[in-house]
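Chemist: Take a look at the following structure, please.
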């Protein structure tokens, strides 16, 4: 069976277009994963998160080593497909939410904060804190205090996930729901 030049040319052009689309997507994903984009693209992020002292002074933002976790490090899964899907899904939700709500009013932002926090915690629990594990190797964590050492050894032995204990690390504190804590304790 002989392949015509037209079919061959179409295949080559299609392959080149696919490679170009992947490269463009990777650039867009990289840009939309920056703190500059996350902190300024939505008015609510700039007003209520990016400049929040709790966030700015958190252990993940202010470290003696200078290593600084960005928004995407915690909120966007690694990998071009998973990351792109998270950006598209989250972006659509954010655009709709920004359009329907007046987040310039702190009471409007705060009225839905608990729901948003619980959604992120549940996602981290469901993904076994995958974004945490992109930076932290659980077996290599050596807490200074004896209590922390015991808790980490227990979590490692039982296969528990980071968010089960560390659910108030970066943003303003919010009590965990009892059902979340139960699931985290069971490792599910």
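Chemist: If residue 78 passes every condition in (1) surrounded by fewer than 16 Cβ atoms within 10 Å (Cβ to Cβ); (2) over 12 Å from the mean Cα position of the chain (by Cα); (3) not in a helix (DSSP H, G or I); (4) not assigned by TED's automatic domain parsing to the domain that holds residue 172 but one, which one does it miss?
Modeler: With (1) surrounded by fewer than 16 Cβ atoms within 10 Å (Cβ to Cβ); (2) over 12 Å from the mean Cα position of the chain (by Cα); (3) not in a helix (DSSP H, G or I); (4) not assigned by TED's automatic domain parsing to the domain that holds residue 172 applied to residue 78, the lone miss is (2).
Chemist: Surrounded by 11 or more Cβ atoms within 10 Å (Cβ to Cβ), farther than 26 Å from residue 45 by Cβ and modelled with pLDDT of 90 or more: does that describe residue 153?
Modeler: When the stated conditions are applied, residue 153 passes them.
Chemist: On the basis of being in contact with a helix residue (DSSP H, G or I) (Cβ under 9 Å, 6 or more places away or on another chain) and exposed (fewer than 11 other Cβ atoms within 10 Å of the Cβ), does residue 89 make the cut?
Modeler: no
Chemist: Look through segment 50-69, keep the residues that are modelled with pLDDT of 90 or more and in a helix (DSSP H, G or I), and return whichever of them is surrounded by the fewest Cβ atoms within 10 Å (Cβ to Cβ).
Modeler: The extreme case among them is 53.
Results for (1) modelled with pLDDT of 90 or more; (2) assigned by TED's automatic domain parsing to the domain that holds residue 47; (3) touching a strand residue (DSSP E or B) at 6+ places or on another chain (Cβ under 7 Å), shown as yes or no for each residue.
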{"site": "84", "(1), (2), (3)": "yes, yes, no"}
{"site": "93", "(1), (2), (3)": "yes, yes, no"}
{"site": "128", "(1), (2), (3)": "yes, no, no"}
{"site": "140", "(1), (2), (3)": "no, no, no"}
{"site": "145", "(1), (2), (3)": "yes, no, no"}
{"site": "163", "(1), (2), (3)": "yes, no, no"}
{"site": "167", "(1), (2), (3)": "yes, no, no"}
{"site": "177", "(1), (2), (3)": "yes, no, no"}
{"site": "184", "(1), (2), (3)": "yes, no, no"}
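Chemist: Quick one: how many residues across segment 126-181 are touching a helix residue (DSSP H, G or I) at 6+ places or on another chain (Cβ under 7 Å) and assigned to a helix (DSSP H, G or I)?
Modeler: Residues in segment 126-181 being touching a helix residue (DSSP H, G or I) at 6+ places or on another chain (Cβ under 7 Å) and assigned to a helix (DSSP H, G or I): 9 in total.
Chemist: Can residue 72 be described as touching a helix residue (DSSP H, G or I) at 6+ places or on another chain (Cβ under 9 Å), surrounded by 13 or more Cβ atoms within 10 Å (Cβ to Cβ), at pLDDT 90 or above and within 23 Å of residue 103 (Cβ to Cβ)?
Modeler: yes
Chemist: Tally up the residues in segment 23-40 that are closer than 15 Å to residue 98 by Cα and either surrounded by fewer than 16 Cβ atoms within 10 Å (Cβ to Cβ) or not assigned by TED's automatic domain parsing to the domain that holds residue 88 (or both), please.
Modeler: Adding up the residues that qualify gives 1.
Chemist: Just name the residue that is farthest from residue 56 (Cα to Cα) out of those in segment 29-41 that are part of a helix (DSSP H, G or I) and in contact (Cβ under 8 Å) with a residue 24 or more places away in the chain.
Modeler: 29
Chemist: Could you identify the single residue in 137, 115, 107 that is closer than 18 Å to residue 170 by Cα, more than 12 Å from the chain's Cα centre (by Cα) and without any contact (Cβ under 8 Å) to a residue 40 or more places away in the chain?
Modeler: Being closer than 18 Å to residue 170 by Cα, more than 12 Å from the chain's Cα centre (by Cα) and without any contact (Cβ under 8 Å) to a residue 40 or more places away in the chain holds for just one of 137, 115, 107, which is 115.
Chemist: For residue 129, which of the numbered conditions (1) farther than 25 Å from residue 110 by Cβ; (2) free of Cβ contacts under 8 Å to residues at least 12 places away in the same chain fails to hold?
Modeler: Unmet condition: (2).
Chemist: If residue 118 passes every condition in (1) modelled with pLDDT under 95; (2) part of a helix (DSSP H, G or I); (3) touching a helix residue (DSSP H, G or I) at 6+ places or on another chain (Cβ under 9 Å) but one, which one does it miss?
Modeler: (1) is the only condition that residue 118 fails.
The values are calculated or read from the model by the stated rules, or taken from the named source; none is laboratory data. All values reported here derive from a predicted model rather than from experimental measurement. Every residue, glycine among them, receives a Cβ derived from its backbone with ideal geometry; neighbour counts consider all protein chains shown.
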